Amino acid sequence: MNSNPTAESKTLRARVLSGSFILLTGSGLVTGINLAYNIAVARFLGPTGFGHATAVYTLLILISAVTLSFQIVSAKVVAQRSSLKEKSAAYRSFHSGAWKCGVLVAVLLLLLQRVIASYLKLPSPILIVLLAIGTAFYVPLGSRRGYIQGAYGFRHLASNLVFEGVVRLGGSLLAILLGFGVRGVIAANATAVAAAYFAAVPKLAKPVPNELPIPDEFREALQAIVFFAGQVLINNCDIVVVKHFFPPVSAGLYAAVALVGRVIFAFSSAVVNSMFPLVAGTRNQERGDHGVLGASLLLVLAIGSVVALGLRLAPASIWTSLFGSQFAIAGKYGLPYLLMLYAATTVVYSLSVVIIAYEMSYKIANTSWVQLAFSGVLIAGICRFHSSLQEVIWIQLVLMMVLLAIAATPFLVEAFASSNSVHRETVSRGIRVIRRVSEDDVIAEFLKSDFENPVFREYRESLRAIVIAPHLDDPSENAKRRALLFIRHFALWKELPKGTQWFEVEIRASNLDQIRVFPRAQWRKLARGNFTLTEVAERIRKLLSRGVSEVFLSKIGSIRDCLRQDASPGAVLLIGVSENDPLTILDGNHRLVAATLTSPEALQKFRFLCGLSPRMAECCWYETNVATLFRYCTNRLRHAIRNPEAELQRLLQNS
């Protein structure tokens, strides 16, 4: 039997969240280190010097379009290889190309050093020379990190990022204290990149002659270059353009505001970096219904929203105390306003990046070209609208909202089409309703199947008659059976939504994949996240065939033997939203699983009673999540003083 795609998708989501947690922890450390770095540079060099250092560092980030292209392609290709030899061969190919590109970009920077320094109004072209040295190592660093990422070495990747940040911070502080100013800070950045490169040496298999070429290498690399070219331009072009159009002090203030964007984007990149290789290394059917994408989007949105709200509520005095009094902005549009607005812009863009990267992980994505086009529109927009710093941020926010809408549209259309398809499928295969039954009838059947439980031992002699041969038209009997059942199942029954309607239904073999087992403790262990009846039955079949001996399995085996001897198995209780939606077994897990293991004909021996309610998703027995469990705990507290046994005693005395 094939594994369930939904269960595989849940497992993949768990792996993405686990990898994201590791990289988010590393990103948190890196963010703290980078914040300390920027605060130190801002306080010691002032807005003008900070603006110069940030502009040069932004150039390095723009060059990271090439670096990250090698990283993401290496990660994808390495993740798709199964053996260490194949992974190593893929890495060597990209690493060699990365060095060639790194040297080429460094030479171009050296040739254009004076032109770049003049456009950015830098004090000396030597800053670009130092940048070129760092670039030569920066591009091949991407291929090394790509191998680590593709091999799921998230801890190694996180520690390498932290190491780079520590060297940058320590080197910059030392350079400033020694009096080297902006030059020393840029030299420290170049040193940090080189140190991170040598610290990221991967463990490879020995090379073999005539290693196989990498398929679609050019198309993969082109897609990555287009994606990261658009990404780094959108993330950093505003700093470069503002540096050109605004005075040095205003440019330095804007560079401080833009720090919040880099913090949020660093966290979202941690989510993308864990999601990308895991999705790339899975088969199409394992991706399920894009649940991994939804989980990643929610994680990025939650992180970004918390940061944006915190920045809006924080008083302006915090920032002037951190960066210095020269960074104060008077008036309505002070630092808290600009920081919050910039944070919101980055959150919106980060959501677009998650969608585009998810699509890139398993195919050649055209949305990368859309993002690159938007980067050009963004540059043109800032060049046209830059009367104030807030106007520069607003034009970015509007354009990023449009980009998010365009990137999300294909997935929304696909989800809508998929929903309609699933609805049509469930309607065609839904269970057949035979007739309406009363709740008293359901309770009588439930109690009849459960009456041998030790809880009811003291009532077996006195009440056996009304349990084994119930008279449903007798209100007194119905009240006693209800009170008797509630001794053991009060919390379970009261969790069902008010107004639940009960029906006798027909269950065919074709309906079994619509039914889920009740999520009790032993079933949770066996199901491993997939409670579909057919899947659970198949796992039990394999355990029984291997001769696994457990009390739980022995009970199912015993019931299966009874069914083969034409025993009457009683009623099975189901609950659901409608006859076309998934159904959960409320009572009868063991018996129905045993029947599934026996034969399709064994299903005809059961009486199936199904409780339906549009609000059934609020019940934790049907849909287990934080909200339904909270509702369950609330109900338990509300009914804590209820004593069904005392109520039964009162009914018996009155009769």
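The values are calculated or read from the model by the stated rules, or taken from the named source; none is laboratory data. Given the structure is predicted, the values throughout are model-derived calculations rather than measurements. Ideal geometry is used to build each Cβ from the backbone, glycine not excepted, and the neighbour counts take in all protein chains shown. SASA here: full protein model, heavy atoms, side chains in, ligands and nucleic acids out. Shrake-Rupley method; radii C 1.70, N 1.55, O 1.52, S 1.80 Å.
Of all the accessible heavy-atom surface of the stretch 15-168, with the other protein chains kept in place and a 1.4 Å probe, what percent is carbon and sulfur? Walk me through the numbers on the way to the answer.
Numbers: 4030 of 5780 Å².
Answer for the stretch 15-168 is 70 percent, counting heavy atoms of protein chains only.
Nearest 0.05, what FRET efficiency do Arg650 and Leu301 give at R0 = 51 Å with Cβ-Cβ as r?
Values: r = 54 Å, r/R0 = 1.06.
According to the calculation, E is roughly 0.40.
Enumerate the amide H contacts of Leu586 below 5 Å, restricted to partners 5 or more residues apart or on another chain; note that Pro and chain-start residues carry no placed amide H.
The answer is Leu573, Leu574, Ile575.
Excluding Val56 itself, calculate the net charge of residues whose Cβ lies under 12 Å from the Cβ of Val56, where each Lys or Arg counts +1 and each Asp or Glu counts -1.
On the way: positive: Lys121, Arg183, Lys243; negative: none.
Counting the neighbours of Val56, the net charge comes to +3.
If I take R0 = 35 Å and measure r between the Cβ atoms of Leu472 and Arg539 in this structure, what FRET efficiency does the formula 1/(1 + (r/R0)^6) give, to the nearest 0.05?
Plugging the Cβ-Cβ distance into 1/(1 + (r/R0)^6) gives 0.35.
Which whole-Hz couplings ³J(HN,Hα) result when phi for each residue of the stretch 248-263 is put into the Karplus expression 6.51 cos²θ - 1.76 cosθ + 1.60, θ = phi - 60°, listed in order with x for Gly and Pro?
Values, residue by residue: x, 5, 5, 5, x, 4, 5, 4, 5, 5, 5, 4, 5, x, 5, 5 Hz.
For the residue pair Ser568 and Arg457, what label-to-label distance in nm results when each label sits 7 Å from Cα along the Cα-to-beta-carbon direction?
Result: 2.7 nm between the two label points.
Please list 636-645, 232-241, 96-105, 39-48 highest first by mean number of surrounding beta-carbon atoms within 10 Å per residue.
Values: 636-645: 11.8, 232-241: 22.6, 96-105: 17.6, 39-48: 19.2.
So the peptides 636-645, 232-241, 96-105, 39-48, ranked by packing, come out 232-241, 39-48, 96-105, 636-645.
With θ set to phi - 60°, apply the Karplus curve 6.51 cos²θ - 1.76 cosθ + 1.60 along the stretch 302-311 and write out the HN-Hα couplings as whole Hz, x wherever there is a Gly or Pro.
Those phi angles translate into 5, 4, x, 5, 4, 5, 4, 5, x, 5 Hz.
Could you pull out which residues in the stretch 159-176 have an amide N less than 18 Å from a spot 7 Å beyond the Cα of Phe44, following the Cα-Cβ vector?
164-176
At a Förster distance of 41 Å, what's the computed FRET efficiency of Arg432 paired with Ser558, Cβ-Cβ distance as r, to 0.05?
Working: r = 31 Å, r/R0 = 0.74.
The value I calculate is 0.85.
Could you provide, to the nearest whole Å², the per residue accessible area of the stretch 84-124 with probe 1.4 Å?
Normalised by residue count, the accessible surface of the stretch 84-124 is 57 Å².
Where does the stretch 551-655 land on Rg/Rh, using Cα atoms and the Kirkwood Rh? Provide the component values of the computation, followed by the final result.
Numbers: Rg = 17.9 Å, Rh = 16.5 Å.
The Rg/Rh ratio comes out at 1.09.
Residues with amide H under 5 Å of Phe608's amide H, sequence separation 5 or more or different chain, H placed in the peptide plane at 1.01 Å from N; which?
Close amide H contacts, sequence-distant or interchain: Val505, Val572.
Enter the accessible area of Phe180 (Å², nearest 10), with the probe set to 1.4 Å and all protein chains included.
Result for Phe180: roughly 130 Å² accessible.
By how many nm would the segment from Leu629 to Val115 lengthen if fully extended, with 0.36 nm per residue of separation less the alpha-carbon distance? Don't skip to the end; give the middle numbers.
Details: separation 514, 0.36 × 514 = 185.04 nm, distance 6.38 nm.
Gain in length upon complete extension: 178.7 nm.
How big is the equivalent ellipsoid of the stretch 125-171 along its three axes, where each semi-axis is √(5λ) from the Cα gyration tensor, reported in whole Å from largest to smallest? Walk me through the intermediate numbers first.
Values: eigenvalues 121, 42, 4 Å².
Ellipsoid semi-axes (Å, largest first): 25, 15, 4.
Based on the mean of other beta carbon atoms within 10 Å per residue, what is the order of 432-441, 118-127, most packed first? Could you put the intermediate results ahead of the total?
Values: 432-441: 13.6, 118-127: 15.9.
Packing order, densest peptide first, comes out as 118-127, 432-441.
At a probe size of 1.4 Å, how large is the accessible area of Phe265, to the nearest 10 Å²?
20
Apply the Karplus parameterisation 6.51 cos²θ - 1.76 cosθ + 1.60, with θ equal to phi minus 60°, to every residue of the stretch 381-398 and state each ³J(HN,Hα) to the nearest whole Hz, in sequence, with x for glycine and proline.
Residue by residue, the stretch 381-398 yields x, 5, 4, 8, 10, 8, 6, 8, 5, 5, 5, 4, 6, 4, 5, 5, 4, 4 Hz.
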